[in-house]
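Since every read-out is calculated from the coordinates, none of them should be taken as a lab result. Predicted model only: the values in this text are computed from it and were never measured. Glycine gets a Cβ as well: all are built from the backbone with ideal geometry, and neighbour counts include every protein chain shown.
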Amino acid sequence: MLSDPRALGIVSGDMTSPPLPSPSPPAWTHCASGATTTNPVGCRGVRVPGSTGCLAHLTPTDRISHLTGLSPGDDIDYRGTTFTHPLLNDLLAALHDPATGGPRFGAARFEHASFSDVARFDGASFAGAVRFDHASFSHAVGFEQASFSSTTVFDHASFFAAMFAGASFSADIRFEHASFSRMAHFDGASFAAAVRFDHASFSAEAQFNGVTFSGDTRFSRAVFAAQAEFWDASFSNAAWFEHTSFRGPVGFEHVSFSNAAWFGGASFSDVATFSRASFARSAQFEGASFAAEAHFEHATFSDTASFSRTIFTGQARFDRTTLNGPALFFYATFHDHAWFGGATFHNEAWFGGAAFTRDVRLTNTRFAAAGLGPLVVGGRLDLSRAVFEVPVTIEAAAPVVLCRRTRWDATATLRLRHALLDLTDAVVTHPLSVATHHTPFTTHNGTPLPETLLTTTTPSPSPDVRVASLRGVDTAHLVLTDTDLAGCRFTGAVHLDQVRLTGRTRFAPAPTGVHWHHLVSRRWTRRRVLAEEHHWRATRTPPTNPTAPTDREWTPGPHHPDPDQTPGPDDIAPVYRDLRKAFEDNKNEPDAADFYYGEMEMRRNDPERPCAERTLVTLYWAVSGYGLRATRAVTWLVLTMTVTILSLMWWGLPTNDTTPRTTGTLPMTGQPLDLHTDSVDPVVSGPIADRLTAKRARKATHVAVNSVFFRASGQDLTPTGSEIEMASRFLEPVLLALAVLAIRSRVKR
């Protein structure tokens, strides 16, 4: 009896075990028929027990005797035997089971057997181990509705056309290195255990529609030269298609992968369709290549989906795809349109190093474009080191969008929601527009994309785009619209004077409230402040809780409190200057004022600048807020005029009569007249109360007001009063000019 699989050299179960060695030379007693000098062995068929020949070379009497002795369920051994259509029919008739209506085998050995005509095993049942390795089927062979209860091997078998529709395999089944010259139909087949098609070759259509793969499934390095269909198939365990070659159209529509699916290194030469497929575990397409269109519309990835280093030469369609686990597109290459409209990434989406390029071999290369979105990403959307050589529009709702060292070699538009955008060291050679999309994204039919998965990852419900960094970016082609730059780091960016800031742009405010420093109260001027100034001032005035500063404190930076890694005044001043120029060039003088104030603040606090310059700038700040604070200048003007009035009342206005007096002697008639006019020196005398009167106040006010407009009052003053008037005629017009300048800076257009 040959029912034990070990007797056939077959080990079932473990798919990771090495393939079975093929017996060479075959370990059986050959039929002696047909032996010649050049072929001493003769027929390779195994001898029928009790005879010197194989089943094909028995005499009719011996063959009938042998077949008559068989009954359904017997073990058979016909290795190397050549079967004609009549001979096979006789064998199947001998094993016919009336209960099942088809032939019933125990263990069956057909290694190296040759079937020269149509072979019909339809409805057969194999209760024991079955081996067809190295068998040759010159015409069609049918195993439709056949059942295999034990281990089955078709390694190196050669099929003309194979029909396994509805077949059921209860144990391991192997087709390693098998070749199918014509169609291979496995529609509706059921594989309850492991199945291997490693290195199998399908030269014509291969159909696995509706097949149930319950065990490990391997198609590694198989070759599908024509159309391959796996529609509605289900893989309950791991499925390996590594380095498989699909040279014709391949369809995995509605396929269910309940375990890991491995397509690493696979090549798809024609259209590949995975629409509405579901991947319950990891889906690995690393290093795969799609020469034509790749369709993943409505596919569902419940775990990691890896397309790293995958090459999409044709269109890549991921419209309305759902990815619940991390999505990896590291260094993937897209040569044609890439569409991700309506895709939902519940985890992170990594496109680091991906390339969106033009393939010169494509006839539609001038239409090549990338459309990443609209999509929703629950984690990070990483585009770091990606290269966009074609125009791209990215529409995404994501908590974090990383574009570090991303290269934009064509026009690009980023419409984002809820995103913290990092553009550190990005290379922008063409116009790049970054804008906040204020309404939820919708699909092509107008259905809003769900953003509920962002509720736990975004710091606030505001959809504004928060730019984290522009360090190392050439911003000459950058346009920011309705963005939040409160935490943006600008130091290291170039051509900031050419950046376009349109719409509602928000910067960080200065701390609010009154602060005490060395028993001196201080209130920070309300203005828009760069994040770097916050970071620098936080090193000088640390917040109570660096991880959660209040709005009354300066916000620390990422390297707090290390001053060596925190930009100082000499680094921040040029940034303020460039941004001021950018606003001025855009005819936005009022908003440019805050950046001029920040620039001057950095100059005033820069220890590398000369002391005289810092003193002058400090005086400029104290008097008028660098010519930008009208209230401060008017306050000083009023204070100066008050001091002038009081000083004139105290020391400047004389209390005696200063009317000129003429004296002389009247000469005799006919003599010349000689007169002398003496002016009385104005002096201040009397008690203090007599000096502080309403009349003297009016005179002093008249002098002070004329001084504001640089006019002489004509009032007689004491020498001290004249000096006071000269000082006021210098100071007060200057203060008035500073106040007018500050007002002008706020209303100028």
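Observations
- Couplings 3J(HN,Hα) of segment 501-508, computed from phi: 10, 10, x, 8, 9, 10, 10, 6 Hz, in residue order, whole Hz [Karplus 6.51 cos²θ - 1.76 cosθ + 1.60, θ = phi - 60°; x for Gly and Pro].
- Estimated vicinal HN-Hα couplings, Hz - segment 410-426 in sequence order (Karplus 6.51, -1.76, 1.60; Gly, Pro = x): 8, 4, 9, 10, 10, 10, 10, 9, 6, 9, 9, 9, 10, 10, 4, 6, 5
- Counting every C-alpha pair in segment 177-236, the share spaced more than 19 angstrom apart comes to 23%.
- Segment 318-506, dipole about Cα centre (Lys/Arg Cβ +1, Asp/Glu Cβ -1), debye to the nearest 20: 140 debye
- As a calculated quantity, the FRET efficiency between T642 and S722 at R0 = 25 Å, using C-beta atoms, amounts to about 0.80.
- Fraction of beta bridges assigned by DSSP in the chain that are antiparallel (%, nearest 5): 10 percent
- The shape of the chain can be summarised by an equivalent ellipsoid whose semi-axes, obtained from the alpha carbon gyration tensor, come to 101, 20, 18 Å from longest to shortest.
- Each residue, A476 and N586, gets one label point 7 Å from its Cα in the Cβ direction; the gap between the two is 1.9 nm.
- Amide H contacts under 5 Å for V387, placed H, 5+ residues apart: A354, A355, F356, R407
- For F148, distant residues with modelled amide H under 5 Å away: F126, S168, F169, S170
- Once both labels are positioned 7 Å from their Cα atoms along Cα-to-Cβ, the gap between S138 and K695 label points is 14.5 nm.
- Each of the peptides 323-329, 52-58 was scored by the mean count of other Cβ atoms within 10 Å over its residues; in descending order, highest first, they stand as 323-329, 52-58.
- Considering every alpha-carbon pair of segment 510-609, the percent of pairs per 5 Å bin, from zero through the bin containing the longest distance, is 2, 13, 21, 22, 21, 13, 6, 2, 0.
- Calculated from backbone phi, Karplus (6.51, -1.76, 1.60) coupling profile of segment 203-211 in Hz, x at Gly/Pro: 7, 10, 4, 10, 10, 10, 5, x, 6
- Sorting the segments 490-503, 553-566, 642-655 by their residues' average number of neighbouring beta-carbon atoms within 10 angstrom, most packed first, yields 642-655, 490-503, 553-566.
- Residues with amide H under 5 Å from that of H139, placed H, sequence gap 5 or more: D117, F160
- Size of electric dipole in segment 416-560: Cβ of Lys, Arg +1 and of Asp, Glu -1, about Cα centre, debye, nearest 20: 600 debye
- Working from label points 7 Å from Cα in the Cα-to-Cβ sense, the A292 to S71 distance is 5.6 nm.
- Sorted ascending by nearby beta carbons within 10 Å, beginning with the fewest, F115, F730 become F730, F115.
- Extension gain for T442-T544 works out to 32.3 nm (0.36 nm per residue, less the C-alpha to C-alpha distance).
- No Cys partner within the rule (Cβ under 4.7 Å), the chain: C403, C488, C611
- Ranking of W28, W350 by count of other Cβ atoms within 10 Å, fewest first: W28, W350
- Here, segment 318-506 is characterised by an Rg to Rh ratio of 0.95, where Rg is the alpha-carbon radius of gyration and Rh the Kirkwood radius.
- Computed about the Cα centre, the dipole magnitude for segment 180-317 is approximately 240 debye when only Lys and Arg (+1) and Asp and Glu (-1) carry charge, each at its Cβ.
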